[in-house]
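Trainee: Right, I'll just put the structure down here and ask away after.
The values are calculated or read from the model by the stated rules, or taken from the named source; none is laboratory data. Bear in mind the structure is a predicted one, so any value in this text is a computation, not a measurement. Here the Cβ positions follow ideal geometry from the backbone for every residue, glycine too, while neighbour counts run over all protein chains shown. Heads up: the accessible areas ignore ligands, DNA and RNA and are worked out on the full protein's heavy atoms, side chains in. Shrake-Rupley method; radii C 1.70, N 1.55, O 1.52, S 1.80 Å.
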Amino acid sequence: MAEYETILVEQRGPVTLVTLNRPGALNALNGQVLADLLDAMRAFDADDSQGCAVITGSEKAFAAGADIKEMQGQGFAQMYGSNFFAGWEEFTRTRKPIIAAVAGYALGGGCEVAMMCDFILAADTAKFGQPEIKLGVSPGMGGSQRLTRAVGKAKAMEMCLTGRMMDAEEAERAGLVSRILPAAELVDEAVKVATAIAEMPPLAVKANKEMVNAAFETTLAQGVQFERRLFHGLFGTEDQSEGMAAFVEKRAGKWTGR
Ligand code: CO8
């Protein structure tokens, strides 16, 4: 298992657990975090023994945003010229599922990374926000788009324009997070959920992730067509034959990933 400067990576059975680890900066996201995380996610996607990842932070912060000290001295030419932080798009192309397990602050880029994951499990201590306006800027890693799709225009607009944070209860009511858990149980429960996903037929896992994500990119008719074609395609897999046979024979399925 590779060692990284800004993240800790461990395998718990079929689950890759990634812990953001810049405690002195509340896990602020700098170029090194991006490089480390992309490397870890490439390894995760390529490893057949791994079926689902969990990304978490500390008790106090999932991540308090992009690293303000790294960005402070930059001008337009440097930001635009280097296409600053465009590398995060690669993170969203990870084919296996990623769960964000969020405790404490998920602000700015931290909230945006949580929203790039496939779903968010929140500790009761979680706080979500897009406070970039207070720095004279705006979300830059998809927050204005993903937050709006997740919670609707009214809340997204209010949060982006005022920088107000949403607590876990409000985030769950608004549909930003799938569930709230006691902080002390967050990581273990997230690993449990990830293990259940990792034990599903792997091709069906990828197909389900792809089709739900397609809902954000297509019209309803195109999305329904995309779903149906993937559904048809799964009938070419061994795991479909096995899954349906196992149901009829009242036994558990054994997956080959083919
Ligand atoms: N960047 C760098 N350092 C940070 C950050 C950050 N985002 N957040 C906290 N830190 C550091 C603090 O500077 C401090 O370091 P030091 O001890 O050396 O002074 C340490 O972490 C602890 O922080 P605090 O003392 O401030 O802790 P508090 O408990 O008092 O406050 C808060 C916690 C409320 C979370 C506070 O730290 C805070 O407001 N942080 C900044 C939140 C923020 O504004 N986030 C948005 C950043 S901009 C962004 O994310 C843009 C994303 C898009 C980029 C895409 C580019 C294309």
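Trainee: Give the ranking of Tyr105, Tyr4, Tyr80 by solvent-accessible surface, highest area first, calculated with a 1.4 Å probe. Write down the numbers at each step before the final one.
Mentor: On the way: Tyr105 70, Tyr4 50, Tyr80 165 Å².
Sorted descending by solvent-accessible area, the residues read Tyr80, Tyr105, Tyr4.
Trainee: Compute the helix-to-body angle for 31-46: its Cα long axis versus the longest principal axis of the chain, expressed 0 to 90° and rounded to tens.
Mentor: Helix 31-46 sits roughly 0 degrees off the main axis of the chain.
Trainee: Could you tell me how many degrees, from 0 to 90 and to the nearest 10, lie between the Cα long axis of helix 186-198 and the main elongation axis, the longest principal axis, of the Cα atoms of the chain?
Mentor: 40 degrees
Trainee: Put a dot 7 Å past each Cα toward the Cβ at Val224 and Lys254; how far apart are the dots in nm?
Mentor: 4.0 nm
Trainee: Something else: Taking just the alpha-carbon atoms of the chain, what radius of gyration and Dmax come out, in angstrom?
Mentor: 19.0, 65
Trainee: Determine the percent antiparallel among the DSSP beta bridges restricted to the chain, to the nearest 5.
Mentor: 25 percent
Trainee: How much accessible surface does Met211 have with a 1.4 Å probe, in Å² rounded to 10?
Mentor: 40 Å²
Trainee: Also, I was wondering about something else. Of the accessible area of the chain, with the probe set at 1.4 angstrom, what percent is carbon plus sulfur?
Mentor: On the chain, the fraction of accessible area on carbon and sulfur atoms equals 56 percent.
Trainee: For Asp45, what accessible surface area do you get with a 1.4 Å probe? Give it in Å², rounded to 10.
Mentor: Its heavy atoms expose roughly 40 Å² to the probe.
Trainee: When N counts the residues of the stretch 1-147, how does its alpha-carbon radius of gyration compare numerically with 2.2 N^0.38 Å, as a ratio? Write out the running numbers ahead of the final one.
Mentor: On the way: Rg = 14.6 Å, N = 147, 2.2 N^0.38 = 14.7 Å.
After normalising by residue count via 2.2 N^0.38 Å, the value is 1.00.
Trainee: Just to verify a number: what accessible area does Trp88 come out at with the full protein assembly present, 1.4 Å probe, Å² rounded to tens?
Mentor: For Trp88, the solvent-accessible surface is approximately 10 Å².
Trainee: Right, another one. At 1.4 Å probe radius, can you tell me the per residue accessible area of the stretch 112-184 in Å²?
Mentor: Per residue, the stretch 112-184 has an accessible area of 48 Å².
Trainee: I would also like to ask the following. Hey, with R₀ at 41 Å, roughly what FRET efficiency would Gln32 and Leu161 work out to, going by the Cβ-Cβ distance, to 0.05?
Mentor: Numbers: r = 31 Å, r/R0 = 0.76.
It comes to 0.85.
Trainee: Taking a cut-off of 16 Å, what percent of all Cα-Cα pairs in the stretch 65-110 are separated by more than that?
Mentor: On the way: 581 of 1035 pairs.
Summing the P(r) of the stretch 65-110 above 16 Å gives 56 percent of all pairs.
Trainee: Just list whichever of Lys206/Lys254; Lys96/Lys192; Lys127/Lys155; Lys69/Lys192 have alpha carbons separated by over 26 Å in the model shown.
Mentor: Lys69/Lys192
Trainee: Restricting to DSSP H runs of at least four residues, report the calculated mean residue ellipticity at 222 nm for the chain, -39500 (n - 2.57) per run over all residues, nearest 500 deg cm²/dmol.
Mentor: Values: 12 runs with 117 residues, N = 258.
Result for the chain, helices only: -13000 deg cm²/dmol.
Trainee: Still on this structure: List, in order, the whole-Hz ³J(HN,Hα) value for each residue of the stretch 234-243 obtained from phi through the Karplus relation with A = 6.51, B = -1.76, C = 1.60 and θ = phi - 60°; use x for Gly and Pro.
Mentor: 5, 6, x, 9, 4, 5, 5, 4, 5, x
Trainee: Starting from the Cα of Arg179, step 7 Å along the direction of its Cβ; do the same at Asp47; then give the gap between the two resulting points in nm.
Mentor: Going from the Arg179 label point to the Asp47 one covers 2.4 nm.
Trainee: Stretched out fully, how many nm does the piece from Asn213 to Glu242 gain, at 0.36 nm a residue minus the Cα gap?
Mentor: Values: separation 29, 0.36 × 29 = 10.44 nm, distance 2.63 nm.
Length gained between Asn213 and Glu242: 7.8 nm.
Trainee: Report, by chain and number, residues whose modeled amide H sits under 5 Å from the one on Leu181, excluding near sequence neighbours (fewer than 5 apart, same chain).
Mentor: Distant-sequence amide H within range of Leu181: Ala122, Ala123, Asp124.
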